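Engineer: Structure below; questions to follow.
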Amino acid sequence: MTHKQKSLFTGLAASVLIISAGCDLVGSTGIVSNPADAIEGVNPGRAQAVAYAADDIFSLNYDSRYSMNPITTRSKLNLMFGSLVYESLFEVDERFDYVPKLATECTSNDGVTWFVFIDSGILMHDGSLLSAQDVVYSLQRAQRTETYGARLNTIYGISAMSDEMIMITLKYADMLFPALLNIPVIKSGTLNDDTPVGTGPYMLNRDRMTLERFPGHRNADLMPVDTIYLKEYPDPENAISAYEDSVIDLVVNDPTGLSNLGYGTANDIRKFNTTSMCYLGINTESDFLKFANYRYALNYAVDRDYIVREIMRGYGVTSALPFHPASYFFSEGLNRKYDNYDLDTCLTVFNALNIKDHNNNGRLEFMVTGVPIEINIDFIVNDDNTLKVKAARHIANGLSEIGLPVNLRELNWDAYIRALTNGDYDIYFGEIKLTADFDLNCLFRPDKEKNYGNITDPHYGKLIDIYLAAPDEERKLRAEELCKYIYETAPIIPIFFKSMEVLTHRGVVSGLSPTQYDVFRKFEDWTIDLG
C-alpha cells in the first residue's frame, strides 16, 4: 500500500443554539442514507482543473492552547481528530443506530440495568489489554464534564463486575441507551494526562506534532496513512488560506451556523445528518397560546420546504416530527400528514375557534367572556444567526398575512436567553442538539433547564418514557403515539434537522462515512490520492 498524505481543518464549532452532531447521493430530502462517498456537489474555484498538494503529507489542524485529552479538552478541533486516537464502546452510524466498537455485547431486560461486555483482546497503546475498569473510569470521569455530562445524566451507577463486564444502572428505562456510549475510553488513572493512553489506530507522538499508526490495532494494516501531521491554524482566516493552498485539505463546515466558512477551491462536498433540531417553541403560559387548540393551528403556518430549500440552502432535512427522518423510528406516514403548510387552512382553523376579525380592523381577535381581545404574538429569535432570522421573518410574515399580528424581536444571545428564561415571549425560534436516542425529556420535563415553554403536562413525560422503554418491535409505534400528542397539543413545532458537510479537494479523498460524532468513522476504508 502506498501511503500518500494530505491535510485537514475543521470548523466544527457549530452554531448550535443548545437551549444549551457504492455512491449513494444525497436525495431530494437531503437525507444521507449511506454517506460513504456520497458527493453532494462541487464548489467551483481557482483550482478547478486538478487537485494538488502543497506537500506530500496528510495534516490535521489542532489547537495547542488546549489539552489533547478527549475527556477534558475544550477544543473541538482536538476532539475531532481524537477519534483516531481514542475509541468508544459503541459508535453511532448515519441512522443514529449504535454499532459495537470496544464492546462485544450489551444486554438489558428492562432498560434500566445494562450489562456491557468488553472485548478483552483490545490492546491499549502502552501494550496493556483494555479492561472493564478502564471503561468504568472513563465513563465516570466523563459524567463530570460539560462535554459529556448531559448525555450521561441518566446514569445512576457504573461498576465493573469482572475484567470483561460492566454494569450500568439508569434512573429510568432507556432501551436505546447504548447509543449514548460513544464516549472516548482512556486508561484508568490517566485523566490528568494531556495525552492519556487510548486504543485507537493512531497514537499521539510525545512532541504533539504527529499521530503515528499503532501497529497493535486490529485494523492497523488497513489505515490509509502511517503518519498524520498536526498543524496549527487556530485563526479561521488563516485556516481558509491553508485549505485554499492545499496545506490542509479536509474541512468540516456548518453551512447554517455561525462558523460557516467560505471556500473557493474546487471541492467534493459530502453532507451528513445531525440530531440538531430547529423548531418553534411555544410558551404554554402565554395569554393567547396557553390554549392547545390555538397552538395546534400554528402547525399550518410553517413552510418547512421553503425554509430548508431557499433559506438554509438545502442544508437540512425537513421534519414535522421530533425525530430525524433517517432514524428507524421516524414515521413517513405521520410526517406526510403533519407537514401541511397552508395559510388558508391555518386561518380556517383559527376561524373555527372563533378567532376572527371581530372588529373589522383587518386583525384577528379571540373572545374572552364575549369581549374581543387583540392578539399580538411576541416572537423572539437570536440575531447572531442571519439564516434563522430569515426563517423567523418568513414565518412571522405568513402569520401577518392572515391577520395574526406578530412582533418579531431579533435579540442578541444574552437578551434572547434572558427572555426565554423569564418566559418573556409567546414563540421562539430554537435549536437543540438531541441525543442519538431522541430522548425528548430535555424539552418536556418541568424540571429540565431547556423546558423554556413552561410545559407542565405530565403526559409528555409518560409518553417519552414509554417510547424509551419499549422493546424494538414496539418502539416505532410508541414513537408515533408520542408524535401525535405533540402535534395535537403543539408545545413545539419541529421544522428541520440541520445537515453539515465535509469538504475535500476534488478527487483527493474517497471512502468517507462521516457522522456528527466521528468525521473519521471507518477511516480504514478511506483512500487518499494526491495524484
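Engineer: Tell me, please, whether a residue that is over 27 Å from the mean Cα position of the chain (by Cα), surrounded by fewer than 20 Cβ atoms within 10 Å (Cβ to Cβ) and modelled with pLDDT of 55 or more can be found in region 60-77.
Structural biologist: Keep residues of region 60-77 that are over 27 Å from the mean Cα position of the chain (by Cα), which gives none.
Checking region 60-77: not a single residue is over 27 Å from the mean Cα position of the chain (by Cα), surrounded by fewer than 20 Cβ atoms within 10 Å (Cβ to Cβ) and modelled with pLDDT of 55 or more.
Engineer: What is the number of the single condition among (1) modelled with pLDDT of 85 or more; (2) closer than 23 Å to residue 510 by Cβ; (3) touching a helix residue (DSSP H, G or I) at 6+ places or on another chain (Cβ under 8 Å); (4) of a type in the set (Phe, Trp, Tyr) that residue 202 does not meet?
Structural biologist: (3)
Engineer: Could you identify the single residue in 117, 96 that is modelled with pLDDT of 95 or more, buried (at least 18 other Cβ atoms within 10 Å of the Cβ), aromatic (Phe, Trp, Tyr) and over 29 Å from residue 272 (Cβ atoms)? Steps first, answer last, please.
Structural biologist: Values: 96 fails: over 29 Å from residue 272 (Cβ atoms).
Answer to the selection: 117.
Engineer: Tally time: how many residues in region 244-282 are open to solvent by 10 Å² or more (accessible area, probe 1.4 Å), at pLDDT 90 or above and either of a type in the set (Asp, Glu) or more than 14 Å from the chain's Cα centre (by Cα) (or both)?
Structural biologist: Residues meeting the conditions: 0.
Engineer: If residue 520 meets every condition in (1) open to solvent by 10 Å² or more (accessible area, probe 1.4 Å); (2) touching a helix residue (DSSP H, G or I) at 6+ places or on another chain (Cβ under 9 Å); (3) at pLDDT below 95 apart from one, which number is that one?
Structural biologist: (1)
Engineer: Something else about it: Residue 355 - would you say it is hydrophobic (A, V, I, L, M, F, W, C), open to solvent by less than 20 Å² (accessible area, probe 1.4 Å) and over 27 Å from residue 277 (Cβ atoms)? I'd like the intermediate steps shown before the answer.
Structural biologist: Details: hydrophobic (A, V, I, L, M, F, W, C): yes; open to solvent by less than 20 Å² (accessible area, probe 1.4 Å): yes; over 27 Å from residue 277 (Cβ atoms): yes.
Answer is yes for this residue.
Engineer: Shifting gears a bit: Of all residues in region 303-318, count the ones that are of a type outside the set (A, V, I, L, M, F, W, C) and assigned to a helix (DSSP H, G or I). Spell out the reasoning first.
Structural biologist: Taking region 303-318 first, the residues of a type outside the set (A, V, I, L, M, F, W, C) are 303-306, 309-310, 313-316, 318.
Then keep just the ones that are assigned to a helix (DSSP H, G or I); that gives 304-306, 309-310.
Total satisfying the criteria: 5.
Engineer: On the given criteria, is residue 87 under 30 Å from residue 232 (Cα atoms), open to solvent by 20 Å² or more (accessible area, probe 1.4 Å) and either not hydrophobic (A, V, I, L, M, F, W, C) or not in a strand (DSSP E or B) (or both)?
Structural biologist: When the stated conditions are applied, residue 87 does not pass them.
Engineer: Still on this model: Within the group 229, 233, which residue is of a type outside the set (S, T, N, Q), touching a helix residue (DSSP H, G or I) at 6+ places or on another chain (Cβ under 8 Å) and surrounded by 14 or more Cβ atoms within 10 Å (Cβ to Cβ)? Let's see the steps before the verdict.
Structural biologist: Working: 229 fails: touching a helix residue (DSSP H, G or I) at 6+ places or on another chain (Cβ under 8 Å).
None of the others qualify; the one that does is 233.
Engineer: Quick check on region 401-433: of everything there that is among the small types (Gly, Ala, Ser) and surrounded by 15 or more Cβ atoms within 10 Å (Cβ to Cβ), which residue is farthest from residue 315 (Cα to Cα)? Spell out how you get there, then give the answer.
Structural biologist: Here is the first cut: in region 401-433, the ones among the small types (Gly, Ala, Ser) are 403, 415, 419, 423, 430.
Filter once more, keeping what is surrounded by 15 or more Cβ atoms within 10 Å (Cβ to Cβ): 403, 415, 419, 430.
Numbers: 403: 31, 415: 27, 419: 28, 430: 17 Å.
Of everything passing the filter in region 401-433, 403 is farthest from residue 315 (Cα to Cα).
Engineer: Those residues that are crowded, with 17+ Cβ neighbours inside 10 Å and of a type in the set (Lys, Arg), I need them from region 369-392; list them, please.
Structural biologist: Pass one, region 369-392, residues crowded, with 17+ Cβ neighbours inside 10 Å: 372, 375, 377-382, 385, 387-389, 391-392.
Result: 388, single match.
Engineer: For region 152-175, which positions are open to solvent by 20 Å² or more (accessible area, probe 1.4 Å), in contact with a Phe, Trp or Tyr (Cβ under 8 Å, 6 or more places away or on another chain) and under 15 Å from residue 89 (Cα atoms)?
Structural biologist: Matches in region 152-175: 164, 165, 167.
Engineer: Give the residues of region 326-349 that are in a helix (DSSP H, G or I), of a type in the set (A, V, I, L, M, F, W, C) and either touching a helix residue (DSSP H, G or I) at 6+ places or on another chain (Cβ under 7 Å) or at pLDDT below 95 (or both), sorted by residue number. Even if it seems obvious, please write down each step before you answer.
Structural biologist: So in region 326-349, the residues in a helix (DSSP H, G or I) come out as 332-338, 343-349.
Still in the running and of a type in the set (A, V, I, L, M, F, W, C): 334, 343, 346-347, 349.
Listed by number, the residues that qualify are 334, 343, 346, 349.
Engineer: Applying the selection to region 453-467, what residues are surrounded by 22 or more Cβ atoms within 10 Å (Cβ to Cβ) and touching a Gly at 6+ places or on another chain (Cβ under 7 Å)?
Structural biologist: Result: 453, single match.
Engineer: Quick check on this structure: which one of 306, 296, 300 is farther than 20 Å from residue 444 by Cβ and either buried (at least 23 other Cβ atoms within 10 Å of the Cβ) or in contact with a Ser or Thr (Cβ under 9 Å, 6 or more places away or on another chain) (or both)? Walk me through it before giving the result.
Structural biologist: On the way: 306 fails: either buried (at least 23 other Cβ atoms within 10 Å of the Cβ) or in contact with a Ser or Thr (Cβ under 9 Å, 6 or more places away or on another chain) (or both); 296 fails: farther than 20 Å from residue 444 by Cβ.
Exactly one residue qualifies, and that residue is 300.
Engineer: Against the conditions (1) surrounded by fewer than 20 Cβ atoms within 10 Å (Cβ to Cβ); (2) under 23 Å from the mean Cα position of the chain (by Cα), where does residue 127 fall short? Just the number, please.
Structural biologist: Here residue 127 meets the rest and fails (2).
Engineer: Touching a Phe, Trp or Tyr at 6+ places or on another chain (Cβ under 9 Å), farther than 23 Å from residue 366 by Cβ, part of a helix (DSSP H, G or I) and of a type outside the set (Lys, Arg) - does that describe any residue in region 406-416?
Structural biologist: Yes, region 406-416 contains at least one residue that is touching a Phe, Trp or Tyr at 6+ places or on another chain (Cβ under 9 Å), farther than 23 Å from residue 366 by Cβ, part of a helix (DSSP H, G or I) and of a type outside the set (Lys, Arg).
The values are calculated or read from the model by the stated rules, or taken from the named source; none is laboratory data. Note that the structure is predicted; figures quoted are calculated from it, not measured. No Cβ is skipped: glycine too gets one built from the backbone with ideal geometry, and neighbour counts run over all protein chains shown. SASA here: full protein model, heavy atoms, side chains in, ligands and nucleic acids out. Shrake-Rupley method; radii C 1.70, N 1.55, O 1.52, S 1.80 Å.
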